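Undergrad: Questions regarding the structure given below will be posed in turn.
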Amino acid sequence: MSGALERVVVRAPGKINLSLHVGGVDGRGYHALATVFQAVDLYETVTATRADEMSLEITSEVPGEVPLDGTNLALRAAELLRTECGVREAAALHVRKQVPVAGGMAGGSADAAAVLVALDRLWGLGLGAEALRTLGARLGADVPFSMLGHTALGRGNGADLTTVLTHGEWTWLLAVPGGHLSTPEVFRRFDELVLAGGRVPPERPEIDERQLQALSGGNLELLADTLHNDLQAAAFALHPRLEEVVEAAERLGAIGAIVSGSGPTVAALVEDEAAARTIAAGLTEGGLVESCLIARGSAPGASVLEES
Ligand SMILES: C[C@@](CO)(OP(=O)(O)O)[C@H](O)COP(=O)(O)OP(=O)(O)OC[C@H]1O[C@@H](n2ccc(N)nc2=O)[C@H](O)[C@@H]1O
Ligand SMILES: Nc1ncnc2c1ncn2[C@@H]1O[C@H](COP(=O)(O)OP(=O)(O)O)[C@@H](O)[C@H]1O
């Protein structure tokens, strides 16, 4: 078989932050981070089909409004690739969403990651993983991680990645409390809280080495003990029910619970799926959350599922 591809299907995972340590701000307004990302098996699936002009269609399994215009990260990723590589061709993009929207789980970033990988194949650009991650970093600090997947340490603004060794699989109950949080707004509130507390954020934040030990040794209790998010207090301040959701998840049996990234999704570490279902039932009956999802980590990064 030869000739150009007509259709490429790629999926890319959402993520949670097992720890997120936030430092000072650089000249571009980005905070220095030391974060441990874990990709989970909730995927954004992009189908890119050759077409005369660019278009976007979204089918969502999760609630939440996503823009369909040129601000959508899927279309921005396509435009970036066309501009950078001088591509004249176009594609019809279809995105199937499983990652909660504006929930601190990088669903939009996963869309961008999947589009870059899909169009690189469809248009025969052959850019390779590293060049695609560099391009992805221009669309958002979380995009390179969605390409890499698994579990990784993120430094700089989150885009400088090193894969972390893990042993076994982790089960997460993801509680979606409803309401969205804007990432820049949460970082702004973090700055205000730091200022009000008279603290000076570290120039180069550090992760807790015990978390790496927990991951490489498959130690559930130690991982729960090292879950940490410097943005959590800011997210609590901006979302009325969020603190209650974290407390309730722990009370209902989670080994540990934390706001993922800038929130408001709460990631609760559980023993197994039965425990996850019990906690989900308790949170839902209590009217604390809009929905709950069960996910496993780590999951692979952006990968081609089909091409023809
Ligand atoms: C907080 C984190 C943790 O993984 O994830 P989310 O909660 O968004 O999923 C990320 O740092 C978000 O990454 P991402 O959502 O890609 O951010 P971007 O689009 O690049 O940046 C949006 C805005 O967030 C702020 N920002 C982002 C990253 C960073 N290291 N410092 C920042 O201050 C900046 O105000 C920036 O303009
Ligand atoms: N393809 C996309 N999917 C989701 N959100 C998108 C997308 N493109 C742009 N956005 C905008 O980005 C914001 C953040 O979305 P998302 O990536 O889902 O969450 P987060 O940054 O909290 O991880 C949303 O409020 C939405 O308006």
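The values are calculated or read from the model by the stated rules, or taken from the named source; none is laboratory data. Because the structure is a prediction, the values reported are computed rather than measured. Every residue, glycine among them, receives a Cβ derived from its backbone with ideal geometry; neighbour counts consider all protein chains shown. We work out accessible area using only protein heavy atoms, side chains counted, and drop any ligands, DNA or RNA first. Shrake-Rupley method; radii C 1.70, N 1.55, O 1.52, S 1.80 Å.
Undergrad: Less than 12 Å Cβ to Cβ from LEU73, Lys/Arg counted +1 and Asp/Glu -1: what total charge do the surrounding residues give?
TA: -2
Undergrad: Further question on the same structure: Helix 73-85 versus the longest principal axis of the chain: what angle, 0 to 90°, nearest 10, using Cα atoms?
TA: Once rounded, the angle reads 50 degrees.
Undergrad: Now for a different question. Using the C-alpha gyration tensor of region 7-163, what are the square roots of 5 times its eigenvalues, in whole angstrom, with the largest one first?
TA: Values: eigenvalues 126, 61, 38 Å².
Over the Cα atoms of region 7-163, the ellipsoid semi-axes are 25, 17, 14 Å.
Undergrad: Mind jotting down a quarter of the surface of the convex hull over the alpha carbons of region 26-106, in square nanometres, one decimal? Kindly include the intermediate steps, with their values, before the conclusion.
TA: On the way: hull surface 29.1 nm².
The number I arrive at for region 26-106 is 7.3 nm².
Undergrad: When the accessible area of the chain is split by element with a 1.4 Å probe, what percent falls to carbon and sulfur?
TA: Values: 6530 of 13410 Å².
Its accessible area is 49 percent carbon and sulfur atoms.
Undergrad: Show me the ranking of peptides 173-186, 49-62 by mean Cβ neighbours inside 10 Å, starting with the highest.
TA: Details: 173-186: 19.4, 49-62: 13.9.
Final packing ranking: 173-186, 49-62.
Undergrad: Another question, if that's okay. Quick one: pull the percentage of alpha-carbon pairs in region 108-254 with a separation above 17 Å.
TA: Numbers: 7776 of 10731 pairs.
The proportion of pairs with Cα distances above 17 Å equals 72 percent.
Undergrad: How far apart, in nm, are the 7 Å Cα→Cβ label points at SER216 and HIS180?
TA: 4.0 nm
Undergrad: Now for a different question. What number comes out for accessible area per residue over region 152-308 if the probe is 1.4 Å? Units Å², please. Don't jump to the answer; show the numbers that get you there.
TA: On the way: 7450 Å² over 157 residues.
Here the residues of region 152-308 average 47 Å² of exposed surface.
Undergrad: Oh, and also: Quick one: helix 273-285 against the long Cα principal axis of the chain, what's the angle to the nearest 10°, folded into 0 to 90?
TA: Its long axis makes an angle of about 80 degrees.
Undergrad: Over the Cα atoms of the chain, Rg to Rh with Kirkwood Rh, two decimal places? Walk me through the numbers before you get to the answer.
TA: On the way: Rg = 19.1 Å, Rh = 19.6 Å.
When Rh is taken as the Kirkwood radius, the ratio is 0.97.
Undergrad: Determine the gain in length on full extension of the stretch THR71-SER291; use 0.36 nm per residue of separation and subtract their C-alpha separation, reporting nm with one decimal. Intermediate values should be presented prior to the final figure.
TA: Details: separation 220, 0.36 × 220 = 79.20 nm, distance 2.67 nm.
Using 0.36 nm per residue and subtracting the Cα-Cα distance, I get 76.5 nm.
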